[in-house]
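Novice: My questions all concern the structure below.
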Amino acid sequence: MFTRRLMLAACTLAVLAGAAHAAEKLKLTVATEGAYPPYNFVDANGELQGFDVDFAKALCEKINAECTIIKQDWDGMIPALMAKKFDLIVASMGILPEREEKIDFSIPYYQSPTALVMTKSSGVKVGGDGHVDPESLAGKKIGVQRATGYESFAREKWPKADLVVYDSAESADLDMTGGRLDGRFDDYIVLKNGIMKSDSAADYERIGEVWGEKDFGSKGEGIGIRKGEKDLKDAVDKAILAMRADGTYKKINDKYFDFDIYGE
């Protein structure tokens, strides 16, 4: 059934794209964070790069839109979308209930694993559920990014930990490698691409099992869209399925990951 949905979506997008060639292209502005590698980051030339950026470009092509991709600070992302400063958020944003109250989301375009990485000297322990024992985190400085599901989860589950909140994952990583944190809680791919590749990587270890999207009450990572823009949301949803069906998604995926990040 799912394969059939992909094929139908691909056919639908092909027909729509063909019909749209004679019409003027839709012009959209897409926001990403630019500080969350490998999903989105700024390269040495000051250009936005990453999985989200490549995905956004391919998506815009599918819906026959002329898109401008801009950098937006994370904690202002949803307010700026609602204020019509841009039209889409493609920034690895989890589809969480509190966010769905403010904006709409596309169907998920990937599923993200989450992990806690600590210094090997931290002395924290793994509990019976395969995850970190909350009691062993008492007084430990754990870096999280502001206004994320990771921050909310950590505050609820680890009340005795000393949470240190940052505006970006990159800033938290800098404090971790600088010895000012005992641990980092974030997307595991981000951690593996950041502190686990740093000069201090030998000093760190993942504690326990990874968490899935459902552990955070998330449906996956989605594209943010203003409420009431049903036509745009429908076009984006169909484009995601079409990209899965025609190999576009796999080509982008394989550039950044050695597994299929789309999930189930």
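Where a number appears in this text, it was derived from the coordinates with a stated rule and is not lab data. Not measured: the values here are computed from a predicted model. Because the Cβ atoms are built from the backbone with ideal geometry, glycine has one as well, and the counts that use them run over all protein chains shown.
Novice: Treat every Asp and Glu Cβ in the range 114-211 as -1 and every Lys and Arg Cβ as +1, leave all other atoms uncharged, and give the resulting dipole magnitude about the Cα centre to the nearest 20 debye. Please list the in-between numbers first.
Specialist: On the way: 13 positive and 17 negative charges, 27 e Å.
Roughly 120 debye for the range 114-211.
Novice: If Lys and Arg each add +1 and Asp and Glu each add -1, what is the summed charge of the other residues whose beta carbon sits under 15 Å from the beta carbon of residue 164? Mind dumping the intermediate values first?
Specialist: Values: positive: 140, 141, 146, 155, 160, 180, 184; negative: 151, 162, 167, 170, 173, 175, 182, 186.
Spelling it out: positives minus negatives among the neighbours equals -1.
Novice: To the nearest 0.05, what FRET efficiency results for residue 25 and residue 227 with a Förster distance of 22 Å applied to their C-beta separation? Before the final figure, lay out each step's value.
Specialist: On the way: r = 24 Å, r/R0 = 1.10.
For R0 = 22 Å, the calculated efficiency reads 0.35.
Novice: With a cut-off of at most 14 other beta carbons within 10 Å, and DSSP calling the residue loop, which GluC sites (Glu not before Pro) in the range 24-113 qualify? Please list them. Mind showing how you got there, number by number?
Specialist: Working: sites: 24, 33, 47, 61, 66, 98, 100, 101; in loops: 24, 33, 47, 101.
Hits after loop and neighbour filter: 24, 47, 101.
Novice: Moving on. Just from its helices, what would the mean residue ellipticity at 222 nm be for the chain, if runs of 4 or more DSSP H residues each count -39500 (n - 2.57) and the sum is divided by every residue, rounded to the nearest 500 deg cm²/dmol? Could you put the intermediate results ahead of the total?
Specialist: Details: 9 runs with 91 residues, N = 264.
That calculation yields -10000 deg cm²/dmol at 222 nm.
Novice: Over all pairs of distinct alpha carbons, what does the Kirkwood formula give as the hydrodynamic radius of the chain, in Å? Write out the running numbers ahead of the final one.
Specialist: Working: mean 1/r = 0.0516 Å⁻¹.
Taking the inverse mean of 1/r over all distinct Cα pairs, the chain comes out at 19.4 Å.
Novice: So which chymotrypsin sites (Phe, Trp or Tyr not before Pro) in the range 175-264 pass both tests, a DSSP loop state and at most 10 other Cβ atoms within 10 Å of the Cβ? Write out the running numbers ahead of the final one.
Specialist: Numbers: sites: 185, 188, 204, 211, 216, 249, 256, 257, 259, 262; in loops: 257, 259, 262.
When the chymotrypsin sites (Phe, Trp or Tyr not before Pro) of the range 175-264 are filtered for loop state and at most 10 Cβ neighbours within 10 Å, 259 remain.
Novice: What's the magnitude of the charge dipole for the chain around its Cα centre, counting Lys and Arg as +1 and Asp and Glu as -1 at the beta-carbon? Answer in Debye, nearest 20.
Specialist: Details: 35 positive and 44 negative charges, 105 e Å.
Computed about the Cα centre, the dipole is about 500 debye.
Novice: By the gyration tensor of its Cα atoms, with a ≥ b ≥ c the square roots of the eigenvalues, what is the shape of the range 114-211: rounded for a/c under 1.5, prolate for a/b over b/c, or oblate? Working shown, then result.
Specialist: Values: a/c = 1.42, a/b = 1.17, b/c = 1.22.
Rounded.
Novice: Given the Cα atoms of the range 158-223, and with Rh set as the inverse mean 1/r over their pairs in the Kirkwood sense, what is Rg to Rh to two decimals? Don't skip to the answer; put the middle values down first.
Specialist: Working: Rg = 12.9 Å, Rh = 13.3 Å.
Expressed as Rg/Rh, it is 0.97.
Novice: Apply 1/(1 + (r/R0)^6) to the Cβ-Cβ distance of residue 156 and residue 201, taking R0 = 41 Å, and write down the FRET efficiency to the nearest 0.05.
Specialist: Working: r = 29 Å, r/R0 = 0.71.
With R0 = 41 Å, the Cβ-Cβ based efficiency is 0.90.
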